[in-house]
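Inspection log for the structure reproduced underneath, given as structure tokens.
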Amino acid sequence: VVAGAGMAGLTASNASIGLGLGNESFPSGTSPTATDAYSASGWTTTSSVDANDYFEFCITANAGYVLDLSNFRFDAQRSNTGAMSYQVAVSTDGGAFVNVGAAGTVGTSFAAKTQALSVSNASIVCVRIYGFSSTGATGTLRIDNVVLTGAAKPLLPANCKFYTVDPAANPGAIPVAT
């Protein structure tokens, strides 16, 4: 789900998992969408991020728009041997990911996770949730109710004129900048 202003100005792609994961499935989730959570197994047992163990969500601004994002929210749950920690990372160039905020923990019951974002004037935004510190190769991490909050803003035309008064009401108005 993408929430905010101007959502007609963007396209969301299907969620995906990293190459280090397997057993992608869509088991039961948590309210308000008690079906269709997203789950995978094979999370790293190391205590740091593995570059191939993630869930990924991407949105692209449609022609004539840019993206501003302020928040990322999701619900997370692990199995007894699943990833106990997560790290959110963001890319605004379709390639390099930068960690956002501190790593968090995941319990065996669904709980909301929220991460503030500071993305402005981007044409593409991809968000990853890396999972790590699993205690078993078959352990799962499950996410649900993923929400990106922000706006898809229309670009201003290249030849804008700026006025200190309304030119429609004041036909003789002179632009103060172009």
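Were the residues from Thr138 through Ser25 laid out at 0.36 nm apart, the gain over their Cα-Cα distance would be 39.4 nm. At a probe radius of 1.4 angstrom, the accessible area of the chain per residue rounds to 51 square angstrom.
When DSSP beta bridges are restricted to pairs lying wholly in the chain, around 95% turn out antiparallel. Ranked by the mean number of other Cβ atoms within 10 Å of their residues, highest first, the peptides 80-91, 56-67 fall in the order 80-91, 56-67.
Taken about its Cα centre, the chain carries a charge dipole of about 200 debye when Lys and Arg each add +1 at the Cβ and Asp and Glu each add -1 at the Cβ. Counting every pair of alpha carbons in segment 74-178, the share spaced more than 22 Å apart comes to 52 percent.
Restricting the calculation to Cα atoms, every distinct pair contributes to the Kirkwood radius of segment 24-129, found to be 15.0 Å. For the chain, the Cys residues with no second cysteine's beta carbon closer than 4.7 Å are Cys160. Heavy atoms only, probe 1.4 Å: what % of the accessible area of the chain goes to carbon and sulfur, would you let me know? Ligands and nucleic acids excluded, carbon and sulfur give 54 percent.
The values are calculated or read from the model by the stated rules, or taken from the named source; none is laboratory data. In this text, all values refer to a predicted model and were calculated from it rather than measured experimentally. Please note: Cβ atoms are built from the backbone with ideal geometry, for glycine as well, and neighbour counts cover all protein chains shown. In case anyone asks, the SASA skips ligands and DNA or RNA and just uses the protein heavy atoms, side chains included. Shrake-Rupley method; radii C 1.70, N 1.55, O 1.52, S 1.80 Å.
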